[in-house]
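All remarks here apply to the structure that follows.
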Amino acid sequence: MPSPNPQTATAAGNTAASGLPSAPQLGGNSLPMQALRSQIGRIARCGAPVAIRGESGTGKELAARAIHAQGARASAPFIAVNCGAIPEALMEAEFFGCRPGAYTGALHERQGFFQAAHGGSLLLDEVDDLPLAMQVKLLRVLQERRVRKLGGSSDEAVDVRILCASQHGLARGVAAGTFRQDLFFRLNVIELALPPLRERRGDLQVLCEAILARLAPGQAVSLAPPVLAALTAYAFPGNVRELENMLERALAFADGGVIALDGLGLQSAAGITPLQAGPALPERQLCLPGMAVCGVPLDVYLRQVERDMIMQALVQACYHRVRAARQLGLSVRQLRYRMQKLTIQEALP
């Protein structure tokens, strides 16, 4: 069993008490963003658990950092953990720590995420990806406010404010039977919904200016006149993260510090690259149970469609699995499972 390492969390460290962290912030002056910042200010004053809901790229971790930075725990650690990126075999040791000899290769005592965040805040990103067995252990920690290290015989107290994030909200997992209802009630004390970029298009100019200032500090970079109009008409399925990636690409092709329309690489006016059309069914063909689709058994046809969609997402994400998973609306673990099931690993370059 490989050695867990809490330092591999998505982000960790202390946050200054004077406000939001210096790099990237929840920018924008639209009404949805003004309402969001007002909510964050009120939420920060209490210590209740917060469930942050928002599409990929809307800034769920930034909202969590803002809650931490404006609260009483601002001078203590803020630890962000991507629950979907931790192998299931390592979860208990990563979250709760381990004693020497707890497993082969465990030579030293290690802290878990809860101990590292003691006195501060712990963000559980993609918390609905946790397996049910781990949900039970997490529920006990939240109830008792104590953790027991893997291989240990005694509990130790932890004082942590729990923040969690998910794309679709935890209620959806409860309805599907993949998320425990009792854990839902523990985590979903306050729900904070983040608006997608398409609902606050008036923030585009401010966001572009802030992103370009961060990507090219000290340089004079401007947008060509048609660019802002094109961005306003774009659907942004990847939200602010997609905007940032788009501007970073356009900056590389900018001529004389001016970002042109062709440098953005906009995929389509709908914001989604259309999939290649599959084989069409013959006109008036009836599909009865057990019949094949265009001469192909239905399960084989659906398997190929799923395989093609995953391969297309991987290519568009330059084989970066985290970005591909976000594009498909899956967790990294779900994507990894499907790739293994569909033998996609062998097809990758």
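Couple of notes before you dig in:
- Qualifying residue in the stretch 119-129 (condition: open to solvent by 60 Å² or more (accessible area, probe 1.4 Å) and at pLDDT below 95): no
- Selected residue (criterion: most open to solvent (accessible area, probe 1.4 Å)) from residues of the stretch 326-338 that are farther than 16 Å from P87 by Cα and in a helix (DSSP H, G or I): Q327
- Scanning the stretch 226-263 for residues that are of a type in the set (A, V, I, L, M, F, W, C), without any contact (Cβ under 8 Å) to a residue 24 or more places away in the chain and farther than 17 Å from A213 by Cβ yields A229, F253.
- The stretch 45-57, residues that are touching a helix residue (DSSP H, G or I) at 6+ places or on another chain (Cβ under 7 Å) and modelled with pLDDT under 95: G54, E55, S56, G57
The values are calculated or read from the model by the stated rules, or taken from the named source; none is laboratory data. Remember, predicted model here, so these are calculated numbers, not experimental data. Counting neighbours? That spans all protein chains shown, and the Cβs are built from the backbone with ideal geometry, glycine included. Heads up: the accessible areas ignore ligands, DNA and RNA and are worked out on the full protein's heavy atoms, side chains in. Shrake-Rupley method; radii C 1.70, N 1.55, O 1.52, S 1.80 Å.
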